[in-house]
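A.B. asks: Take this structure, written in structure tokens, and hold onto it; I'll ask about it next.
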Amino acid sequence: MTANFSFQRLAKCSQTHARVGIFSTPHGVVETPRFMPVGTLASVKTLTPSQLKDTGAQMILSNTYHLHLQPGEDIVAGSGGLHKFMGWDGPILTDSGGFQVFSLSKMRKVTEEGVTFRSPHDGKIIELTPERSIEIQNILGADVIMAFDECPSHISTYEEVEAATARTYRWLERCILSHKRLDQALFGIVQGGMYLDLRSQAVVDLEKFDLPGYAIGGVSVGEEPDMIRKIVQDTAPLLPVNKPRYLMGVGTYKEMIMAIASGMDIFDCVIPTRWARHGTAMVKGERWNLKNAQFRRDFSPIDADCPCYTCQNFTRAYLSHLVRSQEILAYTLLSIHNITELIQFTQKVRNAILNDHFTKQFAQWLN
Ligand SMILES: [Zn+2]
């Protein structure tokens, strides 16, 4: 494995593929399974790094595509790299920009060389290739960087997905050749759309490179929940057991439990902060809209079992008032709670696997 990185599997569930591990990076450890908050633009929206640390966050995710467009990687490098720029001294992962180029940008053109698209900021033509994505990620300086991949849409034909998966493999070879920093771990991404044979072939191909970690990408892109389940259940157990496994863009209770039972370790999703900005609290897998009349005179905390700053200090009535008044503090307090809620959930799962009562304790989410 790359210098300063290791993954240790500490325990395994006796009835599923669920496992507990420790992923060590140059900026600290990630105790898996673990939810990663998303800080797209080098900021987990509305939270300071110290508030973020108090949620139990270990590794956070930031976004190559967005940081390249604004402020540009040179400015991040000028302040000493991404950790210093955003004031976060824990582990950081950057995605490669592949997913954003394919999902957000219009007028893109894909060739064997890479992808060209128009900047949504100034209309300038930008070319992102495997080499360029890795170069930008080397300059940003996150602990984990992701291979540049082609993400076919969920309505693509078998032939289109097959071609994209083969290209993702060729691009991975180029990513590996251009990766320059030993203090960064490059993860490969399993693509293959909804076609399980393409997914399992992609795993076989990726494993040849003996990378420090592997991700399952291209799920949660509009397909049915049953399809996500099928892809993850089929693909995850094929990945090497002694490497961290990251499921990209998934973060509901039900999806995370299913993925953990299939052997996945880390997860990211924008919903805890996005829902916070819509006045929504996440409570034991449910969504509560704090604008609802029932909360106006409710003087209990959002979740009496939650150790977060918000639940320890404020009532539903106060939060309902802040949301109704569109006070910015509402978004901070709800983001603190929602992120803590998901991290606590993965922490409870971790303890349950360690004590081997995972399937019993989380039975309601496993069905
Ligand atoms: Zn809370």
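A.B. asks: Being among the hydrophobic types (A, V, I, L, M, F, W, C) and either under 16 Å from ILE339 (Cα atoms) or more than 12 Å from the ligand (Cβ to nearest atom) (or both) is the filter here, so list the residues in segment 305-316 that pass it.
C.D. replies: CYS306, CYS308, CYS311, listed by residue number.
Okay, residues lined up against (1) loosely packed, with under 13 Cβ neighbours inside 10 Å; (2) part of a loop (DSSP other than H, G, I, E, B); (3) in contact with a strand residue (DSSP E or B) (Cβ under 8 Å, 6 or more places away or on another chain):
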position: GLY80; (1), (2), (3): yes, yes, no
position: LEU93; (1), (2), (3): no, no, yes
position: PHE99; (1), (2), (3): no, no, no
position: GLU127; (1), (2), (3): yes, no, yes
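A.B. asks: A further question on this structure: Name the pairs: first residue in segment 294-312 and closer than 11 Å to LEU333 by Cα, second residue near the ligand (Cβ under 6 Å from one of its atoms) and assigned to a loop (DSSP other than H, G, I, E, B), Cβ to Cβ under 6 Å, at least 6 apart or on different chains?
C.D. replies: CYS311/ILE302; CYS311/ASP303
A.B. asks: Restricting to segment 308-339, name every residue that is among the charged types (D, E, K, R) and surrounded by 24 or more Cβ atoms within 10 Å (Cβ to Cβ).
C.D. replies: none
A.B. asks: Tally time: how many residues in segment 89-112 are at pLDDT 95 or above and over 15 Å from ASP268 (Cβ atoms)?
C.D. replies: Going through segment 89-112 one residue at a time, the tally reaches 2.
A.B. asks: Here's another thing I want to ask about it. If a residue must be in contact with a strand residue (DSSP E or B) (Cβ under 9 Å, 6 or more places away or on another chain) and either in contact (Cβ under 8 Å) with a residue 60 or more places away in the chain or small (Gly, Ala, Ser) (or both), how many such residues does segment 212-245 contain?
C.D. replies: 11
A.B. asks: Then there is this: Given GLU127, GLU159, GLU173, which one is among the acidic types (Asp, Glu), over 29 Å from ALA3 (Cα atoms) and at pLDDT 95 or above?
C.D. replies: GLU159
A.B. asks: What is the number of the single condition among (1) in contact with a Gly (Cβ under 8 Å, 6 or more places away or on another chain); (2) open to solvent by less than 10 Å² (accessible area, probe 1.4 Å); (3) under 23 Å from ILE75 (Cβ atoms) that ILE145 does not meet?
C.D. replies: For ILE145, the failing item is (1).
A.B. asks: If you check LEU319, LEU354, LEU334, which single one turns out to be more than 21 Å from LYS291 (Cα to Cα), of a type outside the set (Val, Ile, Thr) and either within 12 Å of the ligand (Cβ to nearest atom) or touching a residue at least 40 places away in the same chain (Cβ under 8 Å) (or both)?
C.D. replies: Just one listed residue meets the conditions, LEU354.
A.B. asks: Could you identify the single residue in ARG277, ARG297 that is modelled with pLDDT of 95 or more, more than 21 Å from the chain's Cα centre (by Cα), surrounded by fewer than 20 Cβ atoms within 10 Å (Cβ to Cβ) and of a type in the set (D, E, K, R)?
C.D. replies: Going through ARG277, ARG297 in turn, just one is modelled with pLDDT of 95 or more, more than 21 Å from the chain's Cα centre (by Cα), surrounded by fewer than 20 Cβ atoms within 10 Å (Cβ to Cβ) and of a type in the set (D, E, K, R): ARG297.
The values are calculated or read from the model by the stated rules, or taken from the named source; none is laboratory data. Just so you know, these numbers come straight off a predicted model, no measurement behind them. Positions of Cβ are generated from backbone atoms using ideal geometry, with glycine treated the same way; all protein chains shown enter the neighbour counts. Surface accessibility is based on the protein's heavy atoms, side chains included, excluding ligands, DNA and RNA. Shrake-Rupley method; radii C 1.70, N 1.55, O 1.52, S 1.80 Å.
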